[in-house]
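S.K.: I have a structure here, written as structure tokens, and I will follow up with some questions on it.
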Amino acid sequence: MGGFFGAALKRDAMMDVFFGTDYHSHLGTRRAGLAAYNETDGLQRSIHNIQNSPFRTKFENIFDEMSGNSAIGCISDSDPQPLLIRSKLGTFAICIVGAVKNSDELLSEYFDHTHGQFNAMTGGKVNSTELVAALIGLKDSFAEGIKFAQEVIEGSASIVILKNGGNIIAARDKMGRTPVIIGKNEDGYCVTFESFAYKKLGFEDERELGPGEIVEFSAEKIERLAEPGKDTRICAFLWSYYGYSTSNYEGVNVETMRYRNGEIMAETDRERGLAQDIDYACGVPDSGTPHAIGYSNKSGVPFARPFIKYTPTWPRSFMPANQKDRNRVAKMKQIPVHELIQDKNLLFVDDSIVRGTQIKETVDFLYDNGAKNVHMRSACPPVMYGCKYLNFSSSRSEMELIARRVIDELEGEEGLKYIEEYSDGSTERGKKLRRVICEKFNFASLEFQSLEGIIKAIGIDKCKLCTYCWNGKE
């Protein structure tokens, strides 16, 4: 994933954008960058690798290097950004949140029509942000170019542009798959992915952009360049996993949604008579914790933390690239509370079970420390499809997804006809899927939140939510 923050103010904006961008660190662990504009130096830009060091550490000297009344920043799990671009539309800085899934096709068409060229990264890959900027430059205005780029991209792209001169353009993806929110204070305007980021900096709600809406703002005013579309498909995973607990999307708070989600799972277990002999309800930290609190509140089972993640010297961003080493580091972070594990029946709620690798390590760790039984609950339905629109839950092969691997083991390609049944825990195929995963991971029981349950917890019309990774529907 990724997130951005930008501000155009009547005073220097670097401090606001520094902290506003830092508040998006939970959305990405690979690259971060800042761009600023002032009349003396024009556009400036700095990018750092944050895989082994947090944003604040890499950018702690930025106030000596850059200044400006307008600035944008980006945390990214993909390509380096923001980029500085010079085109017929002028010089500008640009960053995007989303994913371009058809980049090879777009590059081929671009070369055929323009005979242009791009900087190439290792392996010949082109930075997606540079490609989006090139597509925008094919038209005669930023608004036309953004709408064109969003139309031809398979995937999604919410875009922030800092123009030479200091104005900022913000555009939400055409289907609104990720949020773009405008804030305002006495000094000017800002744009953000996470709503809490600007509230902590003294901004108030101005408005959340609609799908495909484009605005341009300075410190003094905001102007709409393109009207919002009618259809929204905001990613439902925002609430169940990667959104921050204090944020609101489409007026729905993440933390309270997770409480409701846990309550619904507890109600379902009670109705089916499942996992009723439990000592503690627990969350897989961190995003599983509020789901577990909701489960505890509704079921009456005490909430507990049988292990604590040791984060002072193991920040989230420090994760080796090698999967074996990643699993080892993840396990090293987990410090057990033996009194809450030994001979206990534990029910853990995780935000999701995608590949299953890390959750197996966690369950093995609990049994190694004396747990009697470990029941597992997923706060969302089984992930059946790699994401087509964002970089979350993307996979080289859908066989990386634990649910799809089990279906393939049970029925091969024939099983693809019955994915809906496998998702439903009340059907024979659904029960079989859960039993097989339990056997693989040594769960005492396993249940997934239903699609209907998670939609109910979010509280938004299902036609406005993207649930593709669960049901394969556009």
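The values are calculated or read from the model by the stated rules, or taken from the named source; none is laboratory data. For clarity, every value in this text was computed on a predicted model and none was experimentally measured. Don't worry about glycine lacking a Cβ; one is built from the backbone with ideal geometry, like all the others, and counts go over all protein chains shown.
S.K.: Just to check your reading of the model, which residue among Leu162, Leu201 is in the same structural domain as Gly20 (by TED's automatic domain parsing), touching a residue at least 12 places away in the same chain (Cβ under 8 Å) and farther than 24 Å from Tyr110 by Cβ?
M.R.: Matching residue, one of Leu162, Leu201: Leu201.
S.K.: What are the residues in segment 368-405 that are farther than 21 Å from Gly288 by Cβ, more than 18 Å from the chain's Cα centre (by Cα) and buried (at least 22 other Cβ atoms within 10 Å of the Cβ), if any?
M.R.: Passing the criteria: only Arg404.
S.K.: Just one of (1) at pLDDT 90 or above; (2) buried (at least 20 other Cβ atoms within 10 Å of the Cβ); (3) aliphatic (A, V, I, L, M) trips up Leu340, so point out which.
M.R.: It fails just one condition, (2).
S.K.: Quick one: would you say Ser378 is touching a Cys at 6+ places or on another chain (Cβ under 7 Å) and either closer than 16 Å to Cys282 by Cα or among the small types (Gly, Ala, Ser) (or both)?
M.R.: It is false that Ser378 is touching a Cys at 6+ places or on another chain (Cβ under 7 Å) and either closer than 16 Å to Cys282 by Cα or among the small types (Gly, Ala, Ser) (or both).
S.K.: How many residues are surrounded by 23 or more Cβ atoms within 10 Å (Cβ to Cβ) and more than 18 Å from Thr192 (Cβ to Cβ) if we restrict to segment 147-173?
M.R.: 3
S.K.: Just a yes or no: is a residue in segment 183-195 surrounded by fewer than 22 Cβ atoms within 10 Å (Cβ to Cβ), closer than 24 Å to Val383 by Cβ and modelled with pLDDT of 95 or more?
M.R.: no
S.K.: Which residue, of Arg316, Arg305, is modelled with pLDDT under 65 and either crowded, with 19+ Cβ neighbours inside 10 Å or within 25 Å of Gly262 (Cα to Cα) (or both)?
M.R.: None of the others qualify; the one that does is Arg316.
S.K.: Checking Pro381 against (1) touching a residue at least 60 places away in the same chain (Cβ under 8 Å); (2) assigned to a helix (DSSP H, G or I), which test does it fail?
M.R.: (2)
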